[in-house]
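Inspection log for the structure reproduced underneath, given as structure tokens.
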Amino acid sequence: NILGQAKDDASISALLNAAKKRDDEVREAAIRTLGRWDTPTPLNALKEIMNKPKSQVDERLAIDGYLRLLRLESDRSVEETVKLYEPLTLRSLNADQKRELLAGLAALNDSRALPLALRYTADAQVQAEATEAIETLEAAP
């Protein structure tokens, strides 16, 4: 995909437009491409898709991509990153997405992420991952 390879702001805009099309294949390919970006630049585009998905598949793909991009190196502060994770903790996520979220929080290695990880202590699907993330974050500065 030429757009996916160019990876500039115009490409992101074009992909976001493609993600609004009626054709499922076009939409899903655009969302996958945004989610596989090598920088966190398309986070806002994926957030827009997550908040107004055309289908459950679109929503899942956007969340998957958003979680992946949140873990990429960026110039965001830890506090900003925690704020980006927070709305995801209020969504209905599948077990893999919860695991990815918890791994991302733990990777922050900052106690400010602890309250979000604590939201998963009673979730049987990810209890082990939540415990591990909490232990990591409790030991963090």
Applied in sequence order to the stretch 121-131, the curve 6.51 cos²θ - 1.76 cosθ + 1.60 (Karplus, θ = phi - 60°) yields integer Hz couplings, x standing for Gly and Pro, of 5, 9, 8, 4, 4, 9, 4, 5, 5, 5, 4
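Based on the Kirkwood radius over alpha-carbon pairs, what is the Stokes-Einstein translational diffusion coefficient of the chain at 10 °C with 1.306 mPa s viscosity, in µm²/s?
102 µm²/s
Using 0.36 nm per residue, how much length does the chain from residue 13 to residue 44 gain when fully extended, once their Cα-Cα distance is taken away?
Once the chain is fully extended between residue 13 and residue 44, it gains 10.1 nm.
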Restricted to pairs 8 or more residues apart or on different chains, the lysines in the chain with C-alpha atoms under 23 Å apart form a number of pairs equal to 15
For the stretch 15-141, the accessible surface attributable to carbon and sulfur atoms (probe 1.4 angstrom, ligands and nucleic acids excluded) amounts in percent to 46 percent
Note: residue 73 to residue 123 extended length (0.36 nm per residue) minus current alpha-carbon separation gives 15.1 nm
Result for the chain: accessible area per residue, probe 1.4 angstrom, in square angstrom, of 56 Å²
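The values are calculated or read from the model by the stated rules, or taken from the named source; none is laboratory data. Owing to the predicted nature of the structure, the values given are computational and were not obtained by experimental measurement. Areas reflect the complete protein model, heavy atoms only, side chains present, ligands, DNA and RNA absent. Shrake-Rupley method; radii C 1.70, N 1.55, O 1.52, S 1.80 Å.
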